[in-house]
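Beneath this line is the structure, given in structure tokens, with notes to follow.
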Amino acid sequence: MKCIFNKNRLILALLVMLFHISTAQIKTIDGKSVILKKDMDSFLQEQIQALHIPSLSIAFINNGKIVYHRALGYADLEKKEKADDHTVYEAASISKVVFGYFVMRMVDRGVLSLDTPLYKYYPYPDIAYDPRYKLFTARMVLDHTTGLPNWHEFQPPPDSVHVPKGAQYIMFQPGTKWSYSGEAYQYLVRVIAHLLHTDEVSLCDTACKEINVPLGMKHASFGWNNYIRDHRATGYVYNADSAKYQRGQLKKFEEFSAAGGLRTDAVDYARFLIGMVNGTGLSPQAHKEMLKPQSVVTDTGTIRRAGAHWGLGVAIKETPYGIRYWHNGSNGDYTSDFEIFKDSKSGVVMLCNDDRIFGLWGRVLAYYREGKRFKFPQTATK
């Protein structure tokens, strides 16, 4: 009996050891290699120091599970407060993907339809002078085909478009072209708040219940609360000429900002991505609609290269690794990026409290996609 007991204990110990070995690594997207967690740790530390990133929240997903996450650097440089698993960041424009999921929850509940003109739910007086706005639908908002600019205050209308001074405007016939628009998302926020008989502050709490509960997200929020106040990372902008950080201004986003107001960490956002790919909390039809190509991206710059099509809130592109869902974001002093692949259910999400994440993004992709670790030239490390 003693021999059998010891043998069973040995088998159990071996199984535990094998489990820890298997979970101490990140599988690359090409499936050809793995990255040990300690190697990813050293890689990320090198990168955030070299790129002058104050802090980074990052999570990797393999086969629908979070296999690695870290909070690195300083949430507040002046106070020397280190980032930890409780630190939250402004998600910037990747907030739009989460809002897209929330809208699909509302569609499932029968609150609104994707293709009913939005003015029938709630008029838009700021642009009522142009009757084309009556063509806007929730589908057009989410796939960026309304014709509204991103933010009209910062994007003057083309000479061919005649509008009242300072007014919002439509650039083309709605539904005929693609043009990224945060303003359109904010109109849809007003519509949903009206349909739910609430305001844009209280809608934040409604969204949290509709998103966090089914997806197991713990602290992500579109609203301002005590947890956000106590655990938010301070935003910065790095000045390369002076080698100094400029502290950003506090943005509370007390009213629902679908375009860029979500506060979260990488783990909670990774939980969202897993749920989004799996269709958790959505009907099969709503899940299919959200993640299928809805519009063709005509932007000729970074967005076009990153996503040839847009779904309902998210960019979509066929890649050598399969269909990829993607979005990035910048609020100036906070930046974010993610990608997740449909078939492998593997991906990565990154958030940081400055404007330099995009320099890191390409290096991280090369490493976790194909195991190609960026190496600094010798002169760069002196």
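Within region 166-183, the residues that satisfy the criterion of being over 26 Å from the mean Cα position of the chain (by Cα), of a type outside the set (Ser, Thr, Tyr) and closer than 18 Å to Lys134 by Cβ are Ala167, Gln168, Ile170, Met171, Phe172, Gln173. Checked against (1) more than 17 Å from Val107 (Cβ to Cβ); (2) part of a helix (DSSP H, G or I); (3) at pLDDT 95 or above, Thr176 meets all criteria but (2).
Taken over region 110-141, the criterion of being of a type in the set (Asp, Glu) and outside any helix (DSSP H, G or I) is satisfied by Asp115, Asp130. Scanning region 214-238 for residues that are without any contact (Cβ under 8 Å) to a residue 60 or more places away in the chain and surrounded by fewer than 18 Cβ atoms within 10 Å (Cβ to Cβ) yields Gly216, Lys218, Asn225, Asn226, Arg229, Asp230.
Of the residues in region 22-31, at least one is more than 27 Å from the chain's Cα centre (by Cα), more than 18 Å from Tyr269 (Cβ to Cβ) and either assigned to a helix (DSSP H, G or I) or modelled with pLDDT of 95 or more (or both).
Of the numbered criteria (1) at positive phi; (2) free of Cβ contacts under 8 Å to residues at least 60 places away in the same chain, the one Pro123 fails is (1). Among the conditions (1) in a loop (DSSP other than H, G, I, E, B); (2) over 18 Å from the mean Cα position of the chain (by Cα); (3) at positive phi, the only one that His144 does not satisfy is (2). The set of residues in region 206-240 that are of a type in the set (Asp, Glu) and either under 18 Å from the mean Cα position of the chain (by Cα) or modelled with pLDDT under 95 (or both) contains only Glu210. For region 217-237, the criterion of being part of a helix (DSSP H, G or I) and among the aliphatic types (A, V, I, L, M) is met by at least one residue.
The values are calculated or read from the model by the stated rules, or taken from the named source; none is laboratory data. This one's a predicted model, so the numbers in the text were calculated from it and none came from an experiment. Neighbour counts are summed over all protein chains in view; Cβ atoms, including those assigned to glycine, are modelled from backbone coordinates with ideal geometry.
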